[in-house]
Amino acid sequence: MTTETYADLIAAEDVLLFVNAAVTATGQREFHSGAGHQQLSLDFLHAYVRINYRRVYAASLALDINDHNAVRIVRGLLEHAADASAEERRTEGRLIAARLAKLPPQRVYRLFRELRAAKVNNRRTRAIMRDWLAARPDPAHDAVKYRAGLKTAARHAHLRLDGGTAPDGELGAFLFRPGKLPRYEHRLLDAWRRAHYEQGAVDELPFTVAEGFAARHGMKREAFVARMVPRMTRLERLRTQGRRTVADPAELPGGVDLTVMPLTRLALYVLSLEREARGRHRAELVPALRASARRAAGPHAGSWGRVAAVLDDSYSSSGSGEKRRRPLAVALACHFLLEALAAPGACVPLWTSGARDPLLVGPSGPTPLGTRILDALGHGPERLVIVSDGWDNAPPGLAGEVLRVWRTRLDPDRRTAVVHVNPVYDAAGFDVRRLSPSVPTAGIRDAEDLPALVEIAQFSEGRTGPAELHAYLDRQVARFVDDGRPGGAR
Amino acid sequence: MNRLELNGLTARPAQVWGGIRLVPLVREKPVEGLRLHREVYAADGPAVVEVGPRAHYTSYIPHGFVADWSGEGARSATYGTQLAGPGGEGAPPRTMKLPRHRHHRLAKRQPGDRLRFLPLHLALEGYLALHFGGPSTAWEEWSRRALRDGLSPRGEDAYMGWSVRGLGDALRTFEIHPGQCGVMVYAADTLAAAFVVPHPGDYRLLHPTLIEDLYGELVHQYAMYGAPVPEFGARIADGPGLRTLAALRAAAREQEREWAEAHDTLFARELLDSSYGFERVYRMGAFTLWRFLPPFLRDRGGQHIGETITDHKGQVAYLKTFRLSEAQVRRGHLLHRLDDADWRLPLAAQALGTGEKELRARIRAAGFESLLRHREL
């Protein structure tokens, strides 16, 4: 610690603070704070980190931060390009390109629209837009599905829209001179033209576009959705399921292989079902969750030894209208993930409400974290994982006290590794809420990131220094940029 | 019976939101044989309540409670239930307009073993009707009007829960305990209201109604200007005995017990230690509905009026209180002293330890000016 100055330590702390926020915060309403409050808080953090630690700000793109913050960072970097040196800009450009390639297209199109509104039109921005659009697999599909977005991007970056799968000039005519061509050569573009007056053409379009036309033609919703099933994405299938199968709401959606869904998504889907339906489909849901968890655990599976988990299913885990049951879904996903990570049969999951059946959990009751942590420690685990929003209230602060006494008196040589992961951003504190300074806390959005987060969480305990933190960030950046490069290892 | 006893209810750790502190009260097992439901009334405009022959008052009344001691708590229809014709002839109405209510009496027996009453209005009416008759003897100091009509119709202002700052958020983020049957609401760490129901199921349904209740002027001001209150944080002292997990667990248990004890003796003392004047409103089988008034003593901290349902052993099954403001306590005190002295001004002045002139000034200041003869001013 002799070589590190006090400023270094503070810098390291700021970085972790920002990473936690960028993982958890989405500027949406949470259980405890409103959307406006969240956005103000996030605005400040972004400006603060961008101005003071620009290199780290860009490097966060390589971490498992959420899409909302990734887009904000990209925008911040492009808007304030003048603050960076030439070499920094080169790294940033590579990071941005790699990140945009991973983002869902609708988010990228929205980013382009924001850049246009903010009048950001430097050479680098245009190049980034050009490259991203060139990498899209089917521009005609984008032209139909994200018509306004593609139009704005093309107009803003002065792009020529030839090349790709559509014949020359057709895409430009489709977007900017509608009605000029009597028909289009490309199948999808022509289907869009015909769908205006022909019901048969509606079925050839992507689901979200077809939905609008179907409503316009007054087509029967159920019949239309049933016909569209093969053309829907997996999430669209799940989303329409409740409305579609009016005849039999008890059935799980046909044609969706639940086992290949990402773990947290699957947990959210399970929690969206009625409790009674979950019980009935136990035979499908539990194996799907297990399979998904095993995939998420990957090489770490079975390597964590004896694990105890304290999972928060108190009332506050119901999230908000905008993030419905998100904290509870993360806890549920962690339940199965930890089962996969621990040695076989050596995982003790404890829900705060005392629930025994993970499939039937629901958000209710207070948060007696302290008592549950005591129960968990009673099992003598090698690792204790706490998944909670940090609002410990029965009684308040007991969890922190228990952990402090445990660390200082009962387990001073750290035989048990304790980590707290928190799915909720606390707008007032500019960070996720902590339980105790002696226990590392990390923000979490998707349970799949748990193994990576445990690594980051070590830094927040203050036992590993800023130098290691920066080395870690550099490693992540190098890996991320290589992965994102075409031809690189995917 | 002159005291409130919250037997069978234990306080669990408080949950704090800004200046509001909510203390959950948990029952080991629910009170048998009594359930409470809610009846929703039209929300637009005031409602009229007939309190006696040719006497009525108007007030905002969002809901009434229905006490059901028939033992078949599940029988009542849920609010929002719609009636439809058999076999689907004629679609049921999409919305139902709530009728404007003209309530007959504050507490009214309903078919079956049920009683509808207006929460807090019952208590407030008891306070407003305090010595309503005025002087019984024609002492020459009292105006003709006071002798004929008694105290002129009085009105009191109260604030709705919505306008108590932070209360809405505090109730929204509150995490209801299993078995919870009540709550104590504190604003800036003064007791604003206590609310107890017989059954946890009832509490779950009635928890949101706290936002529509009446709160005194003082509560509103405390919530508005008070700073956020500190959270009670558990502290485990580093004793020499703390070497095993069992010892740590015992220390944690001790923290919970300490809080419950501290709450009853420190926070809720003013509610539980006062003696009250109880007035029976209605008797329903083994249960009795009472309303109570505080002794109106000066310098005794907060004083509460309220209503309660007790069973045959005096155990509280239902309780709702309203904290009086200082001015309201002063008014009650003054009326009591006047009545004690048989409304003779010189005697009352003596009892209060002041002169007659000061007493007149106090009566005028309390808003009872019309009682005094103008010649005497």
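List of remarks:
- Scanning the stretch A:374-427 for residues that are of a type in the set (Ser, Thr, Tyr) and within 13 Å of another protein chain (Cβ to nearest Cβ), we see that the one that is farthest from the chain's Cα centre (by Cα) is A:408.
- Residue ID - surrounded by the fewest Cβ atoms within 10 Å (Cβ to Cβ), chosen from residues in the stretch B:161-172 that are touching a residue at least 12 places away in the same chain (Cβ under 8 Å) and out of contact with any strand residue (DSSP E or B) (no Cβ under 7 Å at 6 or more places or on another chain): B:162
- Enumeration of residues in the stretch B:246-260 that are more than 7 Å from chain A (Cβ to nearest Cβ) and not small (Gly, Ala, Ser): B:253, B:254, B:257, B:258
- Residue match in the stretch B:41-59 (condition: surrounded by 15 or more Cβ atoms within 10 Å (Cβ to Cβ), in contact (Cβ under 8 Å) with a residue 60 or more places away in the chain and under 18 Å from the mean Cα position of the chain (by Cα)): yes
- Scanning the stretch B:330-359 for residues that are of a type in the set (A, V, I, L, M, F, W, C) and either open to solvent by less than 10 Å² (accessible area, probe 1.4 Å) or closer than 17 Å to residue B:151 by Cα (or both) returns B:334, B:335, B:338, B:341, B:343, B:345, B:348, B:349, B:359.
- Of everything in the stretch B:210-245 that is open to solvent by 60 Å² or more (accessible area, probe 1.4 Å), at the interface with chain A (Cβ under 9 Å from one of its Cβ atoms) and free of Cβ contacts under 8 Å to residues at least 12 places away in the same chain, the residue that is nearest to residue B:189 (Cα to Cα) is B:238.
- Hits in the stretch A:278-318 (condition: open to solvent by 10 Å² or more (accessible area, probe 1.4 Å) and within 30 Å of residue B:173 (Cα to Cα)): A:278, A:279, A:315, A:318
- Residue within the stretch A:364-373 that is out of contact with any Cys (no Cβ under 8 Å at 6 or more places or on another chain), facing another protein chain (nearest Cβ under 8 Å) and open to solvent by 40 Å² or more (accessible area, probe 1.4 Å) present: yes
- Among residues of the stretch A:195-206 that are under 13 Å from residue A:225 (Cα atoms), those with a Cβ under 8 angstrom from a residue that is in a loop (DSSP other than H, G, I, E, B), sequence gap 6+ or separate chain, pair up as A:202/A:219.
- The one condition in (1) at positive phi; (2) surrounded by 20 or more Cβ atoms within 10 Å (Cβ to Cβ); (3) in contact (Cβ under 8 Å) with a residue 60 or more places away in the chain that residue B:285 fails to fulfil: (2)
- Taking the conditions (1) open to solvent by 10 Å² or more (accessible area, probe 1.4 Å); (2) within 12 Å of chain A (Cβ to nearest Cβ) in turn, residue B:157 satisfies each one other than (2).
- Count - residues of the stretch B:173-188 that are within 14 Å of another protein chain (Cβ to nearest Cβ) and either closer than 19 Å to residue B:216 by Cβ or loosely packed, with under 15 Cβ neighbours inside 10 Å (or both): 2
- Residue under evaluation residue A:439, criteria (1) within 14 Å of chain B (Cβ to nearest Cβ); (2) crowded, with 22+ Cβ neighbours inside 10 Å; (3) more than 19 Å from residue A:65 (Cβ to Cβ); (4) not aromatic (Phe, Trp, Tyr), criterion not met: (1)
- The set of residues in the stretch A:297-309 being within 17 Å of residue A:421 (Cα to Cα) and either more than 14 Å from every other protein chain (Cβ to nearest Cβ) or free of Cβ contacts under 8 Å to residues at least 24 places away in the same chain (or both) consists of A:297, A:304, A:307, A:309.
- In the condition set (1) among the acidic types (Asp, Glu); (2) in contact with a Leu (Cβ under 9 Å, 6 or more places away or on another chain); (3) surrounded by fewer than 21 Cβ atoms within 10 Å (Cβ to Cβ), residue A:92 is compliant with all but (3).
Residue by residue, here is whether (1) modelled with pLDDT under 60; (2) in a strand (DSSP E or B) holds:
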residue: B:77; (1), (2): yes, no
residue: B:81; (1), (2): yes, no
residue: B:97; (1), (2): no, no
residue: B:103; (1), (2): no, yes
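- Out of A:163, A:172, sole residue that is open to solvent by 10 Å² or more (accessible area, probe 1.4 Å), out of contact with any strand residue (DSSP E or B) (no Cβ under 7 Å at 6 or more places or on another chain), at pLDDT below 90 and in a loop (DSSP other than H, G, I, E, B): A:163
- For the stretch A:199-239, taking the residues that are within 21 Å of residue A:265 (Cα to Cα) and part of a loop (DSSP other than H, G, I, E, B), the one that is least open to solvent (accessible area, probe 1.4 Å) is identified as A:232.
- Of the residues making up the stretch B:189-204, those that are within 23 Å of residue A:367 (Cα to Cα), more than 14 Å from every other protein chain (Cβ to nearest Cβ) and open to solvent by 10 Å² or more (accessible area, probe 1.4 Å) are B:189, B:199.
So that you can scan it fast, the table gives a plain yes or no per residue for (1) buried (at least 16 other Cβ atoms within 10 Å of the Cβ); (2) part of a helix (DSSP H, G or I); (3) aliphatic (A, V, I, L, M):
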residue: B:266; (1), (2), (3): no, yes, yes
residue: B:272; (1), (2), (3): no, yes, yes
residue: B:275; (1), (2), (3): no, no, no
residue: B:281; (1), (2), (3): yes, no, yes
residue: B:290; (1), (2), (3): yes, no, no
residue: B:296; (1), (2), (3): yes, no, no
residue: B:299; (1), (2), (3): no, no, no
residue: B:302; (1), (2), (3): yes, no, no
residue: B:305; (1), (2), (3): yes, no, yes
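- Residue A:453 satisfies every condition listed in (1) among the aliphatic types (A, V, I, L, M); (2) touching a residue at least 24 places away in the same chain (Cβ under 8 Å); (3) closer than 30 Å to residue B:255 by Cα except (3).
- For the stretch A:406-423, the set of residues classified as open to solvent by 20 Å² or more (accessible area, probe 1.4 Å) and assigned to a loop (DSSP other than H, G, I, E, B) consists of A:412, A:413, A:414, A:415, listed by residue number.
- Considering the stretch A:442-477, and only residues there that are surrounded by fewer than 23 Cβ atoms within 10 Å (Cβ to Cβ) and of a type in the set (S, T, N, Q), the residue that is farthest from residue A:387 (Cα to Cα) turns out to be A:476.
- Looking only at the stretch A:63-75, residues that are assigned to a helix (DSSP H, G or I) and open to solvent by 10 Å² or more (accessible area, probe 1.4 Å) come to 5 in all.
The values are calculated or read from the model by the stated rules, or taken from the named source; none is laboratory data. This one's a predicted model, so the numbers in the text were calculated from it and none came from an experiment. Note that each Cβ is placed from the backbone with ideal geometry, even for glycine, and that neighbours are counted across all protein chains shown. Surface areas here come from the heavy atoms of the whole protein model, side chains and all, with no ligands, DNA or RNA. Shrake-Rupley method; radii C 1.70, N 1.55, O 1.52, S 1.80 Å.
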